[in-house]
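The values are calculated or read from the model by the stated rules, or taken from the named source; none is laboratory data. Please read these numbers as outputs of a predicted model, since none were measured by experiment. Neighbour counts run over all protein chains shown; Cβ positions are idealised from the backbone, glycine included.
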Amino acid sequence: MTQWDYIVNSAFDPAQTYFNGGRASSNGLAGPMEISWGVVGGSVDVNRSALKISSTPSTGTLTTDGASQLANTYTHVNSGALGSNSVSLRSTQIDATLSLRPTGSGAAYGSYATSYTINFAETPNQPGTCAVTTSVRGCDDIFVLAGALNESFEFEGFRYFVSFFAAPTLTALSPNVCAAASATAGCFGFTTEEFKNTAVNFNLVITSQAIEVPEPASIALFGMAFAGMAALRKRKHRRQA
């Protein structure tokens with residue numbers, strides 16, 4: 001099979017979103033498309049920071065071993081003006097669903113769900129305490145992503161591999177940066193400068209051979225659940241019988 005129709009839906013899980021405590025005049029709010037924290041009644045990009053999901057749902061056509069296509073975009077809005085001892089995001093969960101079918105088949109989509117965790121560190125912006133010092137003012141915030149790995153599915157006797165790639169690519173963070181985000185050594189993620197917005201695209205690709213990358217620099221979803229694609233093959237055989 002050379003082409004696939006796809007749909008990707010992603011959302012934050014408010015029930016799995018946790019905040020660090022802070023002063024009474026600050027709070028954290030969690031919804032499926034945006035999580036924000038900072039001054040109560042304030043505005044994102046002014047005195048509240050946020051994580052946002054956009055480009056969802058994303059639809060299109062993928063070619064096996066061809067170019068990747070946009071799945072979703074994640075943006076960290078780093079206001080840098082939350083005030084001292086503000087409530088801040090500690091961690092959240094992203095729930096994602098991928099639906100696939102062979103292009104032109106007329107078959108129902110096979111849909112598969114997974115989730116992955118974001119560990120986040122809103123740094124205190126105090127000189128001498130920064131784990132990362134790229135920011136001209138204050139300390140960089142830290143975004144660590146942990147999820148499922150490269151996995152495969154079979155369709156009509158052929159094995160395919162499905163992966164999501166971050167762009168820019170997630171990099172291995174130093175042990176002290178991982179620790180600042182309450183993640184174990186060897187974590188992957190990125191850091192964001194104060195008073196800037198950082199967007200990370202996740203692109204989807206289907207290949208006929210496994211892509212060898214350090215986990216989880218390639219965050220690949222939906223793993224063995226793709227065995228369910230066999231249901232499409234069975235339906236096709238029944239129609240031909």
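Numbers at a glance
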| read-out | value |
| --- | --- |
| Evaluation of Ala199 against (1) at pLDDT 85 or above; (2) buried (at least 16 other Cβ atoms within 10 Å of the Cβ); (3) in a strand (DSSP E or B) (one fails), failing number | (2) |
| Scope region 45-71; condition surrounded by 22 or more Cβ atoms within 10 Å (Cβ to Cβ) and modelled with pLDDT under 90; matching residues | Ala71 |
| Filter result for Ser54 (of a type in the set (S, T, N, Q) and touching a residue at least 60 places away in the same chain (Cβ under 8 Å)) | no |
